[in-house]
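Before any comments, here is the structure.
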Amino acid sequence: MKVIQKIGAVAFLCMVIISSVSAQNRYFDERYVYSHSYFNQVLVNPGAVAQHGGQQLMVNYRNTWSTFPGGPKTVTLSYDGMLGNRLGIGVLALQDNFSAFQTTKGQLAFSYTIKSATNQIGFGLSAEYVKHGLNNYNAGSILQEPDAVINARREGIEYIDASFGVHGIYNNQFTYGIALPSLISSRIDNTISDENRQIGFILNLGYKVTSATTGISMSPSILLKKLNNVPTHIDLNLKLGFLEEKLTGGVSYRVGADKMLGFLLGMNIDRIGFYYSYNVSNQQFQDYNNGSHEITARIDIGPKKDKPAMEMK
């Protein structure tokens, strides 16, 4: 049994190394991991920075393929808020671990908001530092001798990226936006890589309606993602709000990629919001894990300001 486990571990390590080698030509886009991005657009779109009108801290944790050894785990910390009447700032840090493969990201974003009687639109630009490499995975427990390739991968490959995004709210009901992640990308060591790469995008459309009799709100939305080294897919979402948005429920279905089905529960108490979702896939690999779990906690800080009615709490 131990021999089988070692063979499996070696095979898995080889897969990770191969993926890290290909990532040196062009890394995967880490924005694909979130299932909460349809109501937390600041995770993927710099144009959404400070669009809530105040200041906000957020923590997001995602455990993909839970119970499967070495499955992806992602932690994201962010802050965004207004610097003035129109200018917003956002800071985001991410770490993603997939067995021996580790992605680290730091992001600084600025947004500029234009408001009219019926429309609010934000234009955002972000600068990002991204590093891909191997974490402190104990390869020595599997390999009998030090491996030069693994040791080289531990140093990692570093990039500086620039992304652009637009996020808008029309008539306090209709949301729209597009993000162009890694619109400009350059390796820090000046190595030319993947010159023919395609520019990806994330397109978001949503609508909110509230029943005058029950007070229940319904927010259907669609998220189209075409990202580097990620299968193009569409997330179809329905978010429900109860008791003036104090309680939240929702369901999501992904078309393309792994055809994921997800369920959302959340609550808002004054300045604090907490959200949990559970996702399962119809792929055969689902038999070997316990689905994916994602948690988001948000807190509003600073003076309270009037928020757009379309803001998805």
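The values are calculated or read from the model by the stated rules, or taken from the named source; none is laboratory data. A quick note: this is a predicted structure, and the numbers were derived from the prediction, not measured. Please note: Cβ atoms are built from the backbone with ideal geometry, for glycine as well, and neighbour counts cover all protein chains shown.
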If PHE39 satisfies all but one of (1) out of contact with any strand residue (DSSP E or B) (no Cβ under 9 Å at 6 or more places or on another chain); (2) under 14 Å from ARG298 (Cα atoms); (3) not polar (S, T, N, Q), what's the number of the condition it fails? (1)
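If you check GLN102 against the conditions, is it under 30 Å from GLY133 (Cα atoms), polar (S, T, N, Q), crowded, with 18+ Cβ neighbours inside 10 Å and within 18 Å of the chain's Cα centre (by Cα)? Walk me through it before giving the result.
Values: under 30 Å from GLY133 (Cα atoms): yes; polar (S, T, N, Q): yes; crowded, with 18+ Cβ neighbours inside 10 Å: yes; within 18 Å of the chain's Cα centre (by Cα): yes.
Criteria met by GLN102.
Residue-by-condition table, conditions (1) closer than 22 Å to LYS239 by Cα; (2) without any contact (Cβ under 8 Å) to a residue 12 or more places away in the chain; (3) in contact with a Pro (Cβ under 9 Å, 6 or more places away or on another chain):
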{"position": "VAL42", "(1), (2), (3)": "yes, no, no"}
{"position": "ARG62", "(1), (2), (3)": "yes, no, yes"}
{"position": "PRO72", "(1), (2), (3)": "no, no, no"}
{"position": "GLY88", "(1), (2), (3)": "no, no, no"}
{"position": "LYS105", "(1), (2), (3)": "no, no, no"}
{"position": "PHE110", "(1), (2), (3)": "no, no, yes"}
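Would you point out which residue out of ILE202, ILE299 is among the hydrophobic types (A, V, I, L, M, F, W, C), surrounded by fewer than 16 Cβ atoms within 10 Å (Cβ to Cβ) and in contact (Cβ under 8 Å) with a residue 12 or more places away in the chain?
ILE299
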Please work out if GLY262 is of a type outside the set (S, T, N, Q), surrounded by fewer than 19 Cβ atoms within 10 Å (Cβ to Cβ), at pLDDT 90 or above and within 21 Å of the chain's Cα centre (by Cα). no
Being closer than 18 Å to TYR34 by Cα, touching a Gly at 6+ places or on another chain (Cβ under 8 Å), buried (at least 17 other Cβ atoms within 10 Å of the Cβ) and aliphatic (A, V, I, L, M): is that true of LEU238 here? no
Can you tell me which of (1) more than 24 Å from ILE222 (Cβ to Cβ); (2) modelled with pLDDT of 75 or more; (3) part of a helix (DSSP H, G or I) is the one ARG31 doesn't meet? (1)
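In this structure, is PRO181 more than 24 Å from ALA109 (Cα to Cα) and in a strand (DSSP E or B)?
Answer is no for this residue.
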